[in-house]
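Report on one structure; see the data block that follows.
Read the figures in this text as sums done on the coordinates, not as results from a lab. Keep in mind it's a predicted model, so treat the numbers as computed, not measured. Ideal geometry is used to build each Cβ from the backbone, glycine not excepted, and the neighbour counts take in all protein chains shown.
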């Protein structure tokens, strides 16, 4: 079992925080820890999905059978297995933990910023922002505060926890 922490950094303009939407779909590159084969595609899962594990009483948010060595890899579902996403609040662009993942038989190697996120303005208003693959910024206007808001210079790192 490997505990991996996905850390993110971004520049926030006139925003207090940014976090994944409640039903956020995480996108990752993963590698098999048995044979070091990288999954050929970007994989995705969310923390609400649960899949039964063959030959086990447990369940997982994500299950993958390596195409090279056929070993089964998964991220267990349930309390204390993986943490809920934390909002990003830094105004310095420093790395902060987003989520911790309990990985068995696989290693997350890269996090992709995709999908729906929720940005909170400095005035407390929530705004939905949607990132497509390859986009490195989001811009909008906070009508209540009368200021432009943006998220830019997004980056991530995956570290062992």
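Please state the equivalent ellipsoid semi-axes for the chain: what are the square roots of 5 times the Cα gyration tensor eigenvalues, largest first, in whole Å?
Whole-Å semi-axes of the equivalent ellipsoid: 32, 15, 13.
For residue 86 paired with residue 44, estimate the spin-label separation in nm (one decimal), with each label point 7 Å from Cα along the Cα-to-Cβ line.
Here the answer is 2.6 nm between the modelled labels.
Find how much the distance from residue 136 to residue 122 grows on full extension, using 0.36 nm per residue of separation minus their present alpha carbon separation; answer in nm with one decimal.
So the extension gain works out to 2.9 nm.
With 10 angstrom as the radius, rank 113, 62 by how many other C-beta atoms surround their C-beta, starting from the fewest.
Fewest to most other Cβ atoms nearby, the residues stand as 113, 62.
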